[in-house]
Amino acid sequence: MKKVYEQNVALWADYPIIQKSFYDPKKVLDNFTFDQFNDTSFVVENFKDLNDWSTNFNSAPYGFDPKLISGLGAYQLKEWQQGQLLILEKKKNHWTDNSTVYAEKAYPHQLIFKVNKDVVSTQLAFLKQEFDVSTSLSSRGLIDLKSDSLFNQNYHGRFVDVYGYTFIALNTKPELSNNALALSELEVRNALAYLTPVQSMIDVVCKGVNKRVVGPVAPMKTSYNAELKLIPLDVKKANEMLDAAKWNVRDNDGVRTKMLNGKKVRLELELTFLSTTPEWREMALMIESTMKEAGVKMNLKMADLQTWLDNGTSHHFDMIMGSWNSSALPEDYAQLWATSSWKENGLNFSGFGNEKTDAIIDSLSVTLDENERLGMEKRIQSAIYNEYAYIFLYGLVRRTAIHRRFSGAELYGERPGVLYNTFQLNSVGVKTNVNP
């Protein structure tokens, strides 16, 4: 907060206040000032009482033991079975009882969160009305439920656009990590974009629920560069581009080749994708099929989340498919697109960027005026688009189901997607709509 930064507003919007009598009953912190904590020469270890308090406050029990967790909100953590169950219970005589502001009200007596990672049993639980709300159903699961008349009679099922997108990152600096050299050529990356069946992936795998995106900013934002055009599936054009780039000699199996650095190189690439859901594999298979039509051999590699992340940050990949979540806040492009994030093994997987794009990113981080930001944001989005460092696929959606016995439910693009404290039971026989 000492410097101007585009996302400082996030800190002011979510400034936690904790109860002194609960967390610091001995009033240890009363003996210290913000100026001391702000002094780089201040050493906590020199103050035993402060060091003991800090060690205790940051210990594991204060993160997991319900008896040691106390917030100022309307609910108290009553029970926590990690990975299975979490129960919040409304506090007695909380100030929200008398609040005149609707969003500050807390209506349910208890909020019970249950974890169920099995898609089939989750669907059955909704058909039996064992759950009231979910914001994390699978797309197919919600589509299947919405085809059931009993579910529709009892629940609102909604797909809500959120600030996130799926992508395929291309390694634009493969020579530095001993990966497929073909990806260093802009023409090849461009052709691969024309060989990615994005709309078919949406129609077949996502059942038409998601919307295509053309860059790293959600279309709901005013900063979204709508001037950039979606890249269609066009095998003919991709073939022409690869021929023009001298990848026009084929091996016996039909795979394109080219002489690079005095060696024959096959246009053979590895696509890494997450093992978390079957949909990723289905999309990878569709990509493999269309790539083959243009003489590009695609080898598929499934990875768990940690391996996926390790491969991306260490740049040991050719193409890597995944998704990023964002928010309604002003965009900070540094994490994904600054060259420093690539050099320091951050989330700039692809190696995108140069001095000019870094300068735009640096300027954006300290520019608060929306009108001034707009032009710069369009330029950086255009640079990302024209470099084909990513093949952008589709925007993410939140898959929500809410029982019709409740009113007061409003859906938001930001996480968690709903405010559970505002849910009210309807009068008997009354069913109301869910507000988008």
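The values are calculated or read from the model by the stated rules, or taken from the named source; none is laboratory data. If you're wondering where the values come from, they're calculated on a predicted model, not measured in any experiment. Don't worry about glycine lacking a Cβ; one is built from the backbone with ideal geometry, like all the others, and counts go over all protein chains shown.
Here is the figure for the range 307-347: residues that are without any contact (Cβ under 8 Å) to a residue 12 or more places away in the chain and surrounded by fewer than 15 Cβ atoms within 10 Å (Cβ to Cβ) total 4. Sub-6 Å Cβ pairs linking a first residue in the range 220-231 that is at negative phi to a second residue that is part of a loop (DSSP other than H, G, I, E, B) and buried (at least 17 other Cβ atoms within 10 Å of the Cβ), at least 6 apart or interchain, are 223/217; 224/217; 225/215; 228/214; 228/215; 230/214, ordered by first then second residue.
Yes/no per residue for (1) touching a residue at least 60 places away in the same chain (Cβ under 8 Å); (2) within 27 Å of the chain's Cα centre (by Cα):
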| site | (1), (2) |
| --- | --- |
| 237 | no, no |
| 242 | no, no |
| 249 | no, no |
| 271 | yes, yes |
| 274 | no, yes |
| 284 | no, yes |
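Counting only helices (runs of 4 or more DSSP H) that sit completely within the range 215-324, those holding 2 or more residues that are closer than 21 Å to residue 186 by Cα correspond to 235-244, 278-293. Restricted to the range 1-119, the set of helices (runs of 4 or more DSSP H) holding at least 3 residues that are surrounded by 14 or more Cβ atoms within 10 Å (Cβ to Cβ) comprises 48-57. Here residue 157 meets the list (1) part of a strand (DSSP E or B); (2) in contact with a Gly (Cβ under 7 Å, 6 or more places away or on another chain) almost entirely, failing just condition (2).
Results for (1) at pLDDT below 95; (2) closer than 20 Å to residue 312 by Cα; (3) in contact with a Lys or Arg (Cβ under 6 Å, 6 or more places away or on another chain); (4) surrounded by fewer than 17 Cβ atoms within 10 Å (Cβ to Cβ), shown as yes or no for each residue.
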residue	(1), (2), (3), (4)
174	yes, yes, no, no
185	no, yes, no, no
197	no, no, no, no
205	yes, no, no, no
232	no, no, no, yes
237	no, no, no, yes
273	no, yes, no, no
